[in-house]
Amino acid sequence: MYKNKKILAVIPARGGSKGIPSKNIIEVGGKPLIQYTIDCAKNSKYIDRAIISTDSEEIKKVSIECGGDVPFMRPKELALDTSKTIDCIVHAVDSLKKMGETYDYVMIIQNTVPLRKYWHVDESIEKLINSEERSLVSVTEVEQHPILMRTINEDGTVKNLLPMSSTMRRQDFPKFYKVDGAIAIQKIDEEFNLNTSINDGRLAYIMDAKYSTDIDSYIDIKVIEYYLEKEKEEEIKEARF
């Protein structure tokens, strides 16, 4: 709870991943992937309850072994390739409401961003609740700048993606950000429904690219494990001094 506002965190983790089989519970750095997000939520000062939304009995079993909370199963029709994340979020909020639990805000913390820390979670909660906005999304500065991107016309000529000249020093490029999937928060009010777009949160919480690395391929896992190893080295170094 923060400023008397109850906060629910939902960790979406459906089965049936195509790119990386069993992605949500694959071993990363010696732990099931979902362990990192469960620990992150449990270490938050403000989250009142964090639950895993899954349709998979295997993910449920591993989540519980990792200390996670799986109060109900997600219906199979909300765990299809065509299903939207908001479908399972609304289902989670409504299911808890039927159980007598209501919340002021729901936070979506994607399981595939394991380097996100609990203090990212707490800072984003503080930022949103201290604002006049009703939604927040985490973003990361892009590496491939859209000022250098082009579309191709039917006649084969190029068209700038942005209406500006790219003839400038790179350090003078305006900053652009992408939604990184690490954190999203929505106020639970009369406007919260299945049409809510999680990626279109109004308030930005800016994260360093290292922390928002998203696992979408086996190469991403190697990147994550590299950063995890660096974190361990830093912890050992700090413990010595």
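The values are calculated or read from the model by the stated rules, or taken from the named source; none is laboratory data. A quick note: this is a predicted structure, and the numbers were derived from the prediction, not measured. Cβ: placed from backbone, ideal geometry, glycine included. Neighbour counts: every protein chain shown.
Structure notes:
- Residue satisfying condition, being among the basic types (K, R), assigned to a helix (DSSP H, G or I), closer than 24 Å to T102 by Cα and touching a strand residue (DSSP E or B) at 6+ places or on another chain (Cβ under 9 Å), within set K45, K60: K60
A quick yes/no check of all residues on (1) surrounded by 15 or more Cβ atoms within 10 Å (Cβ to Cβ); (2) within 30 Å of D94 (Cβ to Cβ); (3) in contact with a helix residue (DSSP H, G or I) (Cβ under 6 Å, 6 or more places away or on another chain):
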position: T157; (1), (2), (3): no, no, no
position: P174; (1), (2), (3): no, no, no
position: A184; (1), (2), (3): yes, yes, yes
position: T196; (1), (2), (3): yes, yes, yes
position: D208; (1), (2), (3): no, no, no
position: S212; (1), (2), (3): yes, yes, no
position: E235; (1), (2), (3): no, no, no
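- The number of residues in the range 149-185 being farther than 22 Å from D208 by Cβ and not acidic (D, E) comes to 19.
- From the list L8, L96, L80, the one residue that fits, being in a strand (DSSP E or B) and not acidic (D, E), is L8.
Conditions tested, residue by residue: (1) polar (S, T, N, Q); (2) touching a strand residue (DSSP E or B) at 6+ places or on another chain (Cβ under 9 Å); (3) without any contact (Cβ under 8 Å) to a residue 60 or more places away in the chain; (4) in a loop (DSSP other than H, G, I, E, B).
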| site | (1), (2), (3), (4) |
| --- | --- |
| V113 | no, yes, no, yes |
| H120 | no, yes, no, no |
| I125 | no, yes, no, no |
| L128 | no, yes, no, no |
| V137 | no, yes, no, no |
| I147 | no, yes, yes, no |
| G156 | no, no, yes, yes |
| M164 | no, no, yes, yes |
| M168 | no, no, yes, yes |
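- Hey, V223 in contact with a strand residue (DSSP E or B) (Cβ under 7 Å, 6 or more places away or on another chain) and β-branched (V, I, T) or not: no
- Just one of (1) under 25 Å from S217 (Cβ atoms); (2) at pLDDT 95 or above fails for I20. It is (2).
- All positions within the range 36-69 that are aromatic (F, W, Y) and in contact with a Pro (Cβ under 9 Å, 6 or more places away or on another chain): Y36
- Any hit, the range 64-78, residues being surrounded by 17 or more Cβ atoms within 10 Å (Cβ to Cβ), at pLDDT 95 or above and of a type in the set (V, I, T): yes
- One residue stands out among those in the range 11-42 that are assigned to a loop (DSSP other than H, G, I, E, B) and charged (D, E, K, R): the one that is farthest from M107 (Cα to Cα), which is K18.
- Failed item, numbered, when T85 is tested on (1) surrounded by 23 or more Cβ atoms within 10 Å (Cβ to Cβ); (2) under 17 Å from the mean Cα position of the chain (by Cα): (1)
- Answer residue from the range 132-164, given it is at pLDDT 95 or above and among the small types (G, A, S) and is farthest from K5 (Cα to Cα) among those: S138
- Residues that are β-branched (V, I, T) and in contact (Cβ under 8 Å) with a residue 40 or more places away in the chain, drawn from the range 1-48: I7, V10, I11, I20, I26, V28, I34, T37, I47
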